[in-house]
1. With labels modelled as points extended 7 Å from the Cα through the Cβ direction, what inter-label distance (nm, one decimal) is found for Asp31 paired with Arg126?
2. Looking only at region 130-147, which residues have a backbone nitrogen under 11 Å from a spot 7 Å from the Cα of Thr177 in the C-beta direction?
3. For the chain, what does the helix formula give at 222 nm: sum of -39500 (n - 2.57) over DSSP H segments with n ≥ 4, over the residue count, nearest 500 deg cm²/dmol?
4. Net charge around Gly70, counting only other residues with Cβ within less than 15 Å of its Cβ (Lys, Arg = +1; Asp, Glu = -1)?
5. Could you give the size of the charge dipole of region 4-54 about its Cα centre, using +1 on the Cβ of each K and R and -1 on the Cβ of each D and E, expressed in debye and rounded to the nearest 20?
6. What are the equivalent ellipsoid semi-axes of region 26-133, built from the alpha-carbon gyration tensor (square roots of five times its eigenvalues), in whole angstrom, biggest first?
7. Grab the beta carbon distance between Ser147 and Lys104, set R0 = 30 Å, and tell me the FRET efficiency rounded to 0.05.
8. Can you tell me the FRET efficiency between Asn93 and Ser232 if r is taken as the Cβ-Cβ distance and R0 is 30 Å, rounded to the nearest 0.05?
Amino acid sequence: MDRLDKRLAATGRWSRKEARELIRGGRVSVDGAVCRAPEHKPAPDAAIAVDGADIGSGGPVYLMLNKPAGVVSSTDEPGERTVLDLLGEDYQNIGLFPAGRLDKDTEGLLLLTNDGPLAHRLLSPRRHVDKVYYVEVDGTLDEGDRSAVRAGVALGDGYQCLPGELELLSPGSAHITLHEGKYHQVKRMMAALGKPVTYLKRVRFGPLALDEGLPKGGWRPLTGQELEAIFSQ
């Protein structure tokens, strides 16, 4: 998160020095409250105003979305409903994109941002950022499946997955934790084990846990604590 004086200067209307003078003079408010500290770091979605006039949020945006099935993880897909179509008008032309994708029929946690460097860090194969899914299968999961996931499942095309974790929840459901993000990986792993996926939902991405209070298709800005967590990755 950027300092308040930097956020003002980034609009191009004031120099950094002028921004500090405006702030110390009591002419700048953050979410309706006067702020006289140039070093203050407002939330990315904070409402910042100078002399009562909104300067616009500026800066990067970070949103948590509870993706529903039937929506594609894309910014522009002819003939398809995209994740951007779920957002309000204010978020349509600021360069948002999903940090990682979910299949069209997969639900759950998706991070939307216009912060390219952060997305690159989170998605870098070298960082092995954990991804946790709730999965239901056609068949009965057992300790053999748990051991196979822990050892690394060999897919039908010969690819050897990195070791993961399978937490059995019921005979036909589990939480599966992956440390990589290959194409259709959970579905391909379960198919290789002879237990095809019937339902899939991502519940965690790195340090971010899906807010279960969000309805399908619902979204909200990340909290300050969540932002600190993802920037520590």
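Since every read-out is calculated from the coordinates, none of them should be taken as a lab result. Just so we're clear, the structure is a prediction, and the values are computed from it rather than from any experiment. Methodologically, a virtual Cβ is constructed for each residue, glycine included, from the backbone with ideal geometry; neighbour enumeration extends over all protein chains shown.
1. So the two model labels end up 3.6 nm from each other.
2. It comes to 130-133, nothing else.
3. Working: 6 runs with 48 residues, N = 233.
The helix contribution divided over the chain gives -5500 deg cm²/dmol.
4. Numbers: positive: Lys67, Arg81, Arg101, Lys104, Lys201, Lys216; negative: Glu77, Glu80, Asp85, Asp103, Asp105, Glu107.
Around Gly70, the charge tally is 0.
5. Values: 10 positive and 8 negative charges, 54 e Å.
Value, rounded to 20: 260 debye.
6. Details: eigenvalues 202, 62, 24 Å².
For region 26-133, the semi-axes come out at 32, 18, 11 Å.
7. Working: r = 31 Å, r/R0 = 1.04.
Efficiency for this residue pair is about 0.45.
8. Numbers: r = 30 Å, r/R0 = 1.01.
For R0 = 30 Å, the calculated efficiency reads 0.50.
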